[in-house]
Amino acid sequence: MEPDVTPPPEFGIVGAGAWGTALAQTLARAGRSVLLWGRDATLVRILNSLRENTRYLPGIPLLDGISFTDRLSEIAEAQHAILLVTPAQGLRSACLHLSPFLDPHRAVPLVVAAKGLDGDSDQPLSALVKDLIPAHPVAVLSGPNFAKEVAVGLPAATVIAAQNVALAQSLAEQIGSTSFRPYASSDPLGVEICGAFKNVLAIACGIAQGRHLGDNARAALITRGMAELMRLARPLGIQTETLMGLSGLGDIVLTCNGLQSRNYTLGIALGEGMKLPDILAQRRSVAEGVYAAAALHRIGLKADVDMPIVAAVDSILAGHAGVEDVIAKLLARPLTRET
């Protein structure tokens with residue numbers, strides 16, 4: 001008899017949290033074979049036995065096209081692409097552990113689907129991956145996507161960005177389906193800065209909600225937050241179309257208003273008077289804005305860009321100022337021209 005040899009998966013996914021599982025689900029729905037890697041062997045056993053991510057996406061049966069592993073060596077065998085969906089703070093470690101298994105002569109694209117910045121260097125995550133795994137092309141996936149809605153097949157759109165737009169277009173065609181529509185972009189830096197910024201702005205909007213400041217205040221925060229983002233975009237060379245697109249305005253609208261947003265609800269808890277360590281202790285998932293605020297504040301200072309909302313959120317998260325003092329300081333800023 002011929003040995004039972006399982007063909008390598010078309011896609012590998014590093015990270016079995018809610019978003020990694022949702023991306024595996026949408027790829028499987030499109031008929032792709034997917035191997036999902038989880039760091040926690042206990043979670044991988046649950047995924048294999050129950051075919052449900054009871055920890056991060058409970059109640060959603062996972063499709064047959066998804067397999068599960070706790071071995072990164074198996075992920076390295078993916079044929080079309082490897083999606084990196086760890087929290088931003090864990091991406092460096094994941095790349096260092098994955099790199100030895102990758103064949104530099106078979107340059108499978110690496111797609112960063114985390115949102116944030118590297119806390120050690122403040123650099124975009126795609127640049128971090130390129131530094132650690134230079135032989136492989138790198139792209140970025142980001143957009144207004146709540147994991148649960150993507151997992152159950154509700155319509156969603158996203159952006160896949162790469163400096164080589166042909167790579168972005170090819171990945172969009174491979175990853176896309178009737179319910180999950182990726183649009184190609186040649187502005188990965190812009191997509192990543194937007195992905196980090198929207199989480200910080202969502203915390204600010206959540207604080208306003210937790211303090212019962214009203215819908216007018218949230219609308220003002222979103223609009224003035226966009227002004228900060230546009231100011232930062234100029235010295236960084238970010239395309240205006242990116243700011244107004246899915247990964248910019250689209251993700252801001254979603255994250256700053258939806259109760260599925262981890263960053264927005266964290267902000268609400270802060271606004272209601274809870275302490276950050278207590279909020280984080282109650283949560284299993286990561287609110288990336290907690291880590292992105294300091295990095296964006298430093299980037300703004302380096303670029304000599306005025307970013308009062310980012311600075312305010314950073315000061316609250318770092319424990320340098322209380323919520324009431326920060327709100328009072330923002331409201332006391334001089335009145336100026338809007339543009």
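Go over the candidates Lys148, Lys130, Lys115 one by one and state the one that is crowded, with 22+ Cβ neighbours inside 10 Å and of a type in the set (D, E, K, R).
Within the list Lys148, Lys130, Lys115, the selection yields Lys115.
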message: Cβ-Cβ under 7 Å, sequence separation 6+ or interchain: first residue in segment 203-229 and open to solvent by 30 Å² or more (accessible area, probe 1.4 Å), partner of a type in the set (Lys, Arg) and assigned to a helix (DSSP H, G or I). Which pairs?
response: Gln209/Arg218
query: Taking the condition open to solvent by less than 10 Å² (accessible area, probe 1.4 Å), among the aliphatic types (A, V, I, L, M) and either more than 12 Å from Leu91 (Cβ to Cβ) or in a strand (DSSP E or B) (or both), does Val140 pass?
result: yes
- prompt: Can we say Thr54 is of a type in the set (Val, Ile, Thr) and without any contact (Cβ under 8 Å) to a residue 24 or more places away in the chain?
  reply: yes
message: Please verify whether Glu77 is open to solvent by 60 Å² or more (accessible area, probe 1.4 Å) and charged (D, E, K, R), treating the condition exactly as stated.
response: yes
- prompt: Given the residues Thr255, Thr240, Thr265, which is the only one that is open to solvent by 70 Å² or more (accessible area, probe 1.4 Å) and not small (Gly, Ala, Ser)?
  reply: Thr240
message: I'd like to know if segment 175-197 contains one or more residues that are open to solvent by 70 Å² or more (accessible area, probe 1.4 Å), at pLDDT 95 or above and within 20 Å of Ala113 (Cβ to Cβ).
response: yes
- request: Tell me the helices (runs of 4 or more DSSP H) entirely within segment 162-270 that contain at least 2 residues that are more than 15 Å from the chain's Cα centre (by Cα), under 23 Å from Gly319 (Cβ atoms) and aromatic (Phe, Trp, Tyr).
  value: none
task: For segment 243-253, indicate whether the set of residues that are touching a residue at least 40 places away in the same chain (Cβ under 8 Å) and more than 20 Å from Pro188 (Cβ to Cβ) is non-empty.
output: yes
message: Quick check on my filter: what residues within segment 117-137 are in a loop (DSSP other than H, G, I, E, B) and of a type in the set (Val, Ile, Thr)?
response: Ile133
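The values are calculated or read from the model by the stated rules, or taken from the named source; none is laboratory data. Being a predicted model, the structure only gives us computed values, none of them experimental. Ideal geometry is used to build each Cβ from the backbone, glycine not excepted, and the neighbour counts take in all protein chains shown. Remember, those area values only see protein heavy atoms, side chains included, never the ligands or the DNA or RNA. Shrake-Rupley method; radii C 1.70, N 1.55, O 1.52, S 1.80 Å.
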